[in-house]
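See structure below.
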Amino acid sequence: MIKRFACEAPPAWPYPSEVTIAITAAGLSDVSSLLASADALIRTDAGVFDARTTNLAWATGGGPAYCAALVAGGDDFALLARDEDEVIGHLVGRRHGPNKLHPITTAELESIHVYPAHRGRGVGGLLVSSFLERVAGADRVTVSAYAQNTRALSFYARRGFVVRSVILDLDL
């Protein structure tokens, strides 16, 4: 399924003032584009906020198998944002439950990335909206972000996410 959205371009954007962004489910032919976007996210997110415990060579190790599993179908999936033929971002989502401890269905927004040149156009919001449509029927949606990543925290807060739990780390 392809969903197309019109987006406003920032004033300094070198393209027309309105562009069409397509949000699609990633397929087998998209694994390399998904891997590149996920790798870019790791380098600019975990690689910055938790570099000591992040494998920056992930994309050449387990990355291809991870991406191939996402496009295989089931409760785990990836969405791609495209501006014409160019992949400009991704979102990885998962569905969990219900189970005996938590009798609800939870949808997890595992990761989202928009390449810097395409930020400020509403692409991230379109990815989240498409994700929410895809997981309709879930009782709760969760996402995690690094405490120092105030930009991500603000992005999620603008979309209605609230702090419900906190993970504390102790490096040894």
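The values are calculated or read from the model by the stated rules, or taken from the named source; none is laboratory data. Just so it is clear, the model here is predicted, and its values are computed rather than measured. When we count neighbours, we look across all protein chains shown, and the Cβ atoms used for this are built from the backbone with ideal geometry, even at glycine.
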Exercise. Does at least one position in the range 94-101 carry a residue that is crowded, with 18+ Cβ neighbours inside 10 Å and modelled with pLDDT of 95 or more?
Worked result: no
Problem set entry | Filter result for Asp50 (among the acidic types (Asp, Glu) and closer than 26 Å to Gln148 by Cβ) | yes
Exercise. Out of curiosity, is Leu153 within 22 Å of Ile23 (Cα to Cα) and not in a loop (DSSP other than H, G, I, E, B)?
Worked result: no
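Take the residues in the range 144-172 that are within 16 Å of Asp50 (Cβ to Cβ) and β-branched (Val, Ile, Thr), then tell me which one is nearest to the chain's Cα centre (by Cα). Walk me through it before giving the result.
Step one: filter the range 144-172 for residues within 16 Å of Asp50 (Cβ to Cβ), giving 144-153, 166-172.
Keeping just the survivors that are β-branched (Val, Ile, Thr) gives 150, 166-167.
On the way: Thr150: 16, Val166: 20, Ile167: 20 Å.
Filtering first and then ranking leaves Thr150.
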Exercise. Over 17 Å from Ala26 (Cβ atoms), among the basic types (Lys, Arg) and modelled with pLDDT of 95 or more - does that describe any residue in the range 124-145?
Worked result: yes
Problem set entry | For Arg43: the one exception among (1) surrounded by fewer than 17 Cβ atoms within 10 Å (Cβ to Cβ); (2) at pLDDT 90 or above; (3) outside any helix (DSSP H, G or I); (4) of a type in the set (Lys, Arg) | (3)
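Test Leu56 against the criterion of being of a type outside the set (S, T, N, Q), closer than 19 Å to Asn149 by Cα, without any contact (Cβ under 8 Å) to a residue 24 or more places away in the chain and in contact with a Gly (Cβ under 9 Å, 6 or more places away or on another chain), and give yes or no.
Working: of a type outside the set (S, T, N, Q): yes; closer than 19 Å to Asn149 by Cα: yes; without any contact (Cβ under 8 Å) to a residue 24 or more places away in the chain: yes; in contact with a Gly (Cβ under 9 Å, 6 or more places away or on another chain): yes.
It is true that Leu56 is of a type outside the set (S, T, N, Q), closer than 19 Å to Asn149 by Cα, without any contact (Cβ under 8 Å) to a residue 24 or more places away in the chain and in contact with a Gly (Cβ under 9 Å, 6 or more places away or on another chain).
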Exercise. What are the residues in the range 68-79 that are in contact (Cβ under 8 Å) with a residue 40 or more places away in the chain and over 13 Å from the mean Cα position of the chain (by Cα), if any?
Worked result: Ala68, Val71
Seminar exercise, completed: Note: among Ile88, Ile112, just one is in contact with a helix residue (DSSP H, G or I) (Cβ under 8 Å, 6 or more places away or on another chain), modelled with pLDDT of 95 or more, over 17 Å from Arg159 (Cβ atoms) and crowded, with 19+ Cβ neighbours inside 10 Å, namely Ile88
